[in-house]
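S.K.: Below: one structure in C-alpha cells.
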Amino acid sequence: MGKRNVAVVGAGMTRFVRRAQDSPKELAWQAARMALESCELTIDDVDAVCMGTAPDAFDGVHRKGEYLSDGAGAWGKPYMRSYVGGGTGVFAAIQGWYHVASGMFDTVLVVCEEKMSTYYPHAQAAFLTIFDHTTERPLKPNLLWIFALEMKRYMETYGISAEDIARVAVKNKRNAAGHPCALLGDPDITVEDVLNSEMLASPVRRLDVSPVSDGAVAIVLTSNDKASGVTEHPVWIQGVGWNLDTAYWTNRDLAYPEYVENAARDAYAMAGVTEPRKQIHIVEPYDPFDYKELHHLEGLQLADRGGAPQLVADGVTERTGNMPVCPSGGLLGVGNPIAAAGLMKIAELFWQLRGEAGERQVPGQPERGLAQAWGDLMQVGTVVIMGNEEAS
Amino acid sequence: MTANLGPFPGTALSEKDFEQDKVLYLHDEVDARFAWDTGVAVGAYLAGLRRGEILGARCNECERTVVPPRAFCERCFRPMDSYVPLADRGTVNTFSLCYVTWDVRRIEQPEIPAVIEIEGASELHGIMHKLGEVEPERVTVGMRVQAVWKPAEERQGAITDIRYFKPVEETQ
C-alpha cells in the first residue's frame, strides 16, 4: 500500500508565558481543545494522539508522556510520545503524519507541551545531563557553552560579525510584536539593543537567546479522503525528513549542520521540491539562538554556506521580503517552550498558508512553507514541508 | 490578532502574584544519585589520563582517529582497530568567555571552555576542555595549546586530571 496524503486541518495554541498558572495537563488541554474547535471536530473524531514533550526533568515527573495523556485527549486511544530534544515539536508532527500516511489512522491529534518554569532556580540545569557524564560533566559545563562554542566556530569560519547575527534577533522580536501569544515581541528593538545586552558566554549575549517559557500547541491531521469534509482549506504535508548526527559533538564540523541538510534533502525529495530557494515561500527554521536561524538556513540549502547573514542584511528574510523567515516571531520573539515552540512553527505555516495570520500575514499568497527544528546534543534535524497543493 | 482565532488560552503569572500570596505552590526536591560505569573504551581513556596520556582510537575503514576513544566506529559500525596515544597538545577549534554560572549568576573572571582539536586525531576531532594561564582577550581560534596536568600522584583517572590547556610556549 502506498502512502496516503495527509493534511493539517486545525491548529491551536496557548499564549507563551514565562510562568503559567496552568498545569502542564491544563496547557495541553487548552491547545488541544482549541485545535479541535478550530476545525469543528470533537475528541470522538480523533483516532490516535501523538504527544511531543521534552525532558522529564523539567517537570520532575517520570513518564511525562503518560502524565500528560489526559490533557492531550488520549484517554482510551492509541497514544505515543516522542522526544528528540529541541527537534521534538516538528518531529511530533512527522510522527502524526506517518500515523495517518501509513493508513493506520484517519484523524490524529498532535499535541506539544512544555512547562519550563517548574524547574528552579533555572531550567538550564535540567539540560546539564546533555553533556557526557564521564568525559565532560566533571568540567562543570553550563548549557550556554555548547551554543557559544558552535556560534563562535560559525562566525570564525565565515567571518560573520555579531551585528550580522543580531539582525536576526531584531527581525524575529519585531515580527513577534504582531503575535497575540508572544512573550518577547518588541516593535522598537534595535541591533544596538542586542549588541549592548549583557554578555553571557561570548559571543552569546542575553538578547541572542530565546526565553524559557511555558506553553502548548496542537494540530489536527487527517487523511486526504477526510480532509475536504473537515475544512475547505486543508494545508498539505508535502514532505518530511529527519536525521541525526553523532553525539560526539566535538568530533564534527560545528560550522555546518550536515544533519539538517540530510533531513531537508529527504523532505525536498518527497515534496518534489527541486529548487528550494524558489519553491519555498515561507521558512520557519528553529531559532533558539539568533545564529541558529542562519546556520539552519544554510543547512536547509536556502542560503550558501556562510551566506545567510547577507540575506538578512538585504531584507530578503523580512516578512515582506522574497523569502520571509520566522514571520511568526520565532522562538526569539514568541518564546521557547521547547517542544511547543517547534509545533508552533507548523501551526504558523498552517495559518500563513490559509491567509489567517492576521498582522503577521506574509503578503503575496504564499503557497509553500518549511518548518524545521533542531536539538539533542546539536545533532538532530527535523523538517516538514507544507503547501496548499495536495501532492499527486 | 490572528484572524478568526482566539482568545488564546493560558494564564501568565508574575513575581507579584507569588509575593502577594495570590497563588499557591509546592516545593519539592528529587534525590537522584548515580555511579556510572565508564564503559570499556572510555575506561581506557581514563586510565590513559591517569598515566598522563590522551588516548584516541583508530578505525582503519574510514581512516579516522577519534577522541575520546570508543569501542566501535559509529560511521562504519564495526569495532575500532586500535587505541592510539595522541599528543597532549592541540589547536583551539572554538572557545567562549563565559561570564555566568549554570544558574545564570555573574562571575567576574570568565571561564574559558573550548573545543580543542587534539594533535594526532583526525581533522575537526577534539575534546571539550577549558583554557587557563592565558589572558581571556588573547585567546584565538587556531591557538596552539598544551595540557597542564595534575601531578601524577593526584590523578584519579578523570578528565579533570588535565587541569586545563594553556598556550604552547614558543621555543626560540
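S.K.: Rank A:343, A:388, A:377 by how far each Cα sits towards the positive end of the charge dipole of segment A:239-388 (+1 on Lys, Arg Cβ; -1 on Asp, Glu Cβ) and give me just the farthest.
M.R.: Farthest towards the positive pole: A:388.
S.K.: For segment A:330-392, rounded, prolate or oblate, judged on the Cα gyration tensor with a ≥ b ≥ c (square roots of eigenvalues), a/c < 1.5 rounded, else prolate if a/b > b/c?
M.R.: It comes out oblate by the Cα gyration axes.
S.K.: For the residues A:300, A:36, what sequence is obtained by ranking on other C-beta atoms within 10 Å, fewest first?
M.R.: Ordered by Cβ neighbours within 10 Å, fewest first: A:36, A:300.
S.K.: Considering amide H positions built from the backbone, and no H for Pro or chain starts, which residues 5 or more places from residue A:205, or on another chain, come under 5 Å of its amide H?
M.R.: A:200
S.K.: Measure off 7 Å from each Cα along the Cα-to-Cβ vector at residue A:190 and residue B:158, then give the distance between these two points in nanometres to one decimal.
M.R.: My value for the distance between the label points is 4.9 nm.
S.K.: Residue B:150: which aspartates and glutamates have alpha carbons under 18 Å from its alpha carbon, excluding same-chain residues fewer than 8 sequence positions away?
M.R.: A:136, B:53, B:88, B:133, B:161
S.K.: Could you give me D for the protein assembly as shown, from Stokes-Einstein at 37 °C and 0.692 mPa s, where the hydrodynamic radius is the Kirkwood radius over C-alpha pairs? Units µm² s⁻¹, please.
M.R.: My calculation gives 135 µm²/s for D.
S.K.: Students often get this wrong, so check it: of A:173/A:278; A:173/B:22; A:171/A:345; A:152/A:278; A:152/B:130, which have C-alpha atoms separated by over 23 Å?
M.R.: Result: A:173/A:278; A:173/B:22; A:152/A:278 exceed 23 Å.
S.K.: Within segment A:187-210, which residues have the backbone N less than 12 Å from the label spot 7 Å out from residue B:137 along Cα→beta-carbon, could you tell me?
M.R.: none
S.K.: Which GluC sites (Glu not before Pro) from segment A:1-95 combine a DSSP loop assignment with at most 15 other Cβ atoms within 10 Å?
M.R.: A:40
S.K.: Which of the three applies to chain B, rounded, prolate or oblate, going by the alpha-carbon gyration tensor with a ≥ b ≥ c and a/c under 1.5 meaning rounded?
M.R.: Prolate is the answer for chain B, as a/c is 1.5 or above and a/b outweighs b/c.
S.K.: I need the shape label for segment A:98-183. Rule: rounded when a/c is under 1.5, else prolate if a/b > b/c, else oblate, with a, b, c from the alpha carbon gyration tensor.
M.R.: In terms of gyration-tensor shape, oblate.
S.K.: Antiparallel DSSP bridges in chain B: what percent, to the nearest 5?
M.R.: 95
S.K.: Rounded to two decimals, what is the ratio between the C-alpha radius of gyration of segment A:205-364 and 2.2 N^0.38 Å?
M.R.: After normalising by residue count via 2.2 N^0.38 Å, the value is 1.07.
S.K.: Which of the lysines could a cross-linker bridge to residue A:226, judged by Cα under 23 Å and excluding same-chain residues fewer than eight apart?
M.R.: A:3, A:77
S.K.: Rg over Rh of segment A:141-246, using C-alpha atoms and the Kirkwood radius, what does it come to?
M.R.: Here Rg/Rh amounts to 1.11.
S.K.: Let me ask something else. When only alpha-carbon atoms count, how far does segment A:73-227 stretch along each of its three principal axes, as whole angstroms with the largest first?
M.R.: 52, 45, 34
S.K.: Report relative contact order for chain B in percent, whole number only (criteria: Cα-Cα under 8 Å, sequence separation at least 6).
M.R.: So the answer I get is 18 percent.
Throughout, read-outs are computed from the coordinates displayed, never taken from laboratory work. These figures come from a predicted structure and were not determined experimentally. For neighbour counting, all protein chains shown are included, and Cβ atoms are generated from backbone atoms with ideal geometry for every residue, glycine included.
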